[in-house]
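Comments concern the structure below.
The values are calculated or read from the model by the stated rules, or taken from the named source; none is laboratory data. Remember, predicted model here, so these are calculated numbers, not experimental data. All Cβ positions, glycine included, derive from the backbone under ideal geometry; neighbour counts span all protein chains shown. To get the accessible areas, we keep the full protein, side chains included, count just its heavy atoms, and leave off ligands, DNA and RNA. Shrake-Rupley method; radii C 1.70, N 1.55, O 1.52, S 1.80 Å.
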Amino acid sequence: MERTRLWKSFVPVVVNLLLGIPAVVPVFLIWYVLSNGPLAELGWTQREPTENDGMLLWLVIVVPVVAGFGGLWTLLNLWMRRRLIAAASPYPYWSVSVALTLAPFLLGVAFG
């Protein structure tokens with residue numbers, strides 16, 4: 001009984017860490033658009049000097065990638081939360097899921 005419960009709580013951790021690997025692409029795209037758009041307008045970042053195509057092209061690329069990954073991530077986590085960890089409180093589950101998904105990107109930034 002205890003072994004089954006441990007396995008069921010281990011699966012979302014592994015799945016979210018593995019989802020963090022392809023999540024590097026949408027997170028980078030979001031950062032790129034923000035750093036060349038609104039954050040550059042506020043003076044918090046500098047624009048990429050060779051970026052002269054405008055932001056519409058980037059939004060055409062970024063929106064489908066982020067929406068596709070976000071939809072997949074949400075559906076998988078909703079399913080895992082309902083099927084595997086029904087007794088867990090929702091706030092820690094979603095916070096830990098987001099942190100685990102962002103972990104590969106943050107490790108890549110820190111050590112890359």
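Averaged per residue, the chain has 71 square angstrom of accessible surface, using a 1.4 angstrom probe with ligands and nucleic acids left out. This structure gives Rg and Dmax of the Cα atoms in Å, computed directly, and of (1) 13.6, 41; (2) 15.4, 44; (3) 17.5, 60 that value is listed as (3). Between Thr45 and Leu84, the simple label model (points 7 Å from Cα in the Cβ direction) yields a spacing of 3.2 nm.
For the range 1-94, give the percent of accessible area contributed by carbon and sulfur heavy atoms, probe 1.4 Å, rounded to a whole number. Of all accessible area on the range 1-94, carbon and sulfur atoms account for 72 percent.
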